[in-house]
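The values are calculated or read from the model by the stated rules, or taken from the named source; none is laboratory data. Just so it is clear, the model here is predicted, and its values are computed rather than measured. Quick reminder, even Gly has a Cβ in these numbers, built from the backbone with ideal geometry, and neighbours come from all protein chains shown. Protein only, heavy atoms only, side chains kept; ligands, DNA and RNA dropped before computing areas. Shrake-Rupley method; radii C 1.70, N 1.55, O 1.52, S 1.80 Å.
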Amino acid sequence: MNTKPIHKILWRFAGCVTGLAMVAASPAQAADGGIASGPTASHSIAFSNSYAGSDFRKVMVRNWQEIAAQAQKDGLIREAPVVSANNSASEQAAHIQDMIVKGVNAIVILAASDTALNGVIRDACNAGIVVVVMASLVTERCVYTVDYNWSAMGRVEVDYIAERLKGNGTLLEIRGIAGDATDKNISDGIRKAASDYPGLKFAKTVYGNWTASVARKEVALALPSLPTIDAVATQGGDGYGAAMAFKAAGRPLPIIVMGNRQDELALWKQERDANGYETVSVSASPSVSQVGFWVAQQILAGKQVPKFVEVPLVRIDAKDLDAWLATMPVGGAANPFYSQASVAAMIDAGINHTAPPAPLPEVTKQ
């Protein structure tokens, strides 16, 4: 039995056994299963981040830096620099062009636009650079994509809301950043799932930029013109701000789907202890940057990798709230640790067209 304290490790999923077994795979097997061990010690993997203005993104960058530092110590890479743009596609394109000039071997991109970076990405691919687009989308086809099943996220939210409301209620939707491909995919997933429940009606949609302060402002502006809201569908990072807006307006808290941030889960626990408040939390995790890193490294090492690698979403139900919350510092988020072995297992799941293995939610420093 694992005796590590709960703030170090929450639990290990069954997929751990598979991932650890793959560590022992021979180099000959690694191209098709397990960890590829081709020489990458002289290689560089750069991370182009569209912006770092939220707590989630800051943790994401730290996760990258920590896993990259360990990979350097282990002799797996030479360097792994990070450059963040100010949510500007043109600025990000300039960063990527500079990476091409410097001759990096792989670039992991969290894209500010699904189309504006296509030209510079094509330049990178033509230069023989491995390009991995992570937790975002671009329409250029030469890339590898590491992302979530956003329709599944919408399904979790809407099915939970429908069950609680017995299929009938008025909803508020909080979206992310207007024009962002991930925002559209999550919203499309929510709306598609909601089409199965004719009794669920959306009264309003606002944009919260995946940030509590923006969500609070936009929800506060919308509330005076809205009827009673029974539930709020979110995208992550906006649940706390929405709750503060309802409280400031003197309205009872509706069901607000939380997004795995510490402030959201702390509020949920507070309201649960005081009033029996119930909800669910589901989101991506900032440690997706570790998945992007290892996918790039494994491609360089010679592993067969599908064009799309699915990362499992992290869902937190009421029974797990206290355990997850105990792992998070203020400003943190649910942050499972993705090892080289667990990412190799994700890659193999993509090749075999099976569901990705559950993550190993071993909490990294935030």
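Summary of values
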| read-out | value |
| --- | --- |
| Within segment 227-350: Cβ-based charge dipole about Cα centre, in debye rounded to nearest 20 (Lys, Arg +1; Asp, Glu -1) | 240 |
| Shape call, segment 54-142: gyration tensor on alpha carbons, a/c limit 1.5 | oblate |
| Potential extension, Asn126-Asn87 segment - 0.36 nm per residue separation minus Cα distance | 11.5 nm |
| Nearest 10 degrees, 0 to 90: helix 288-300 Cα axis against the chain principal axis | 20 |
| Of all accessible heavy-atom area on segment 43-138, the percent that carbon and sulfur account for (1.4 Å) | 46 |
| Within the accessible area of segment 150-283 (1.4 Å probe), percent carbon and sulfur | 50 |
| Fraction of beta bridges assigned by DSSP in the chain that are antiparallel (%, nearest 5) | 15 |
| Ranked packing of 251-257, 278-284, most packed first, by mean Cβ within 10 Å | 278-284, 251-257 |
| Over segment 150-283, relative contact order from alpha-carbon pairs under 8 Å, at least 6 apart, % | 25 |
| Interatomic Cα distance distribution for segment 226-366, bins of 10 angstrom, percent | 11, 37, 27, 17, 7, 1 |
| Choice from Asp238, Asp196, Asp55 with maximal GNM fluctuation in the chain (Cα, 10 Å cutoff) | Asp196 |
| Of Ala52, Ala222, Ala194, the one that fluctuates the most in a GNM where the chain has Cα springs shorter than 10 Å | Ala222 |
| Unit charges on C-beta of K, R, D, E only; dipole of segment 150-283, Debye | 240 |
| The chain, relative contact order [Cα under 8 Å, separation at least 6], % | 22 |
| Local net charge near Tyr277, Cβ-Cβ under 11 Å (Lys/Arg +1, Asp/Glu -1) | -1 |
| Three-way shape label, segment 150-283, alpha-carbon gyration tensor, a/c 1.5 | rounded |
| Dipole in debye (nearest 20) - the chain, about Cα centre, beta carbon charges: Lys, Arg +1; Asp, Glu -1 | 280 |
| Trypsin sites (Lys or Arg not before Pro) restricted to DSSP loop in segment 64-145 with at most 15 other C-beta within 10 Å | Arg78, Arg141 |
| Of Gly302, Gly75, Gly189, the one that fluctuates the most in a GNM where the chain has Cα springs shorter than 10 Å | Gly75 |
| Residue (of Thr211, Leu117, Ser37) at the positive-pole extreme of the chain, dipole from beta-carbon charges | Thr211 |
| 1.4 Å probe accessible area per residue over the chain, in Å² | 41 |
| Principal axis box of the chain, alpha-carbon based, largest edge first, Å | 60, 51, 36 |
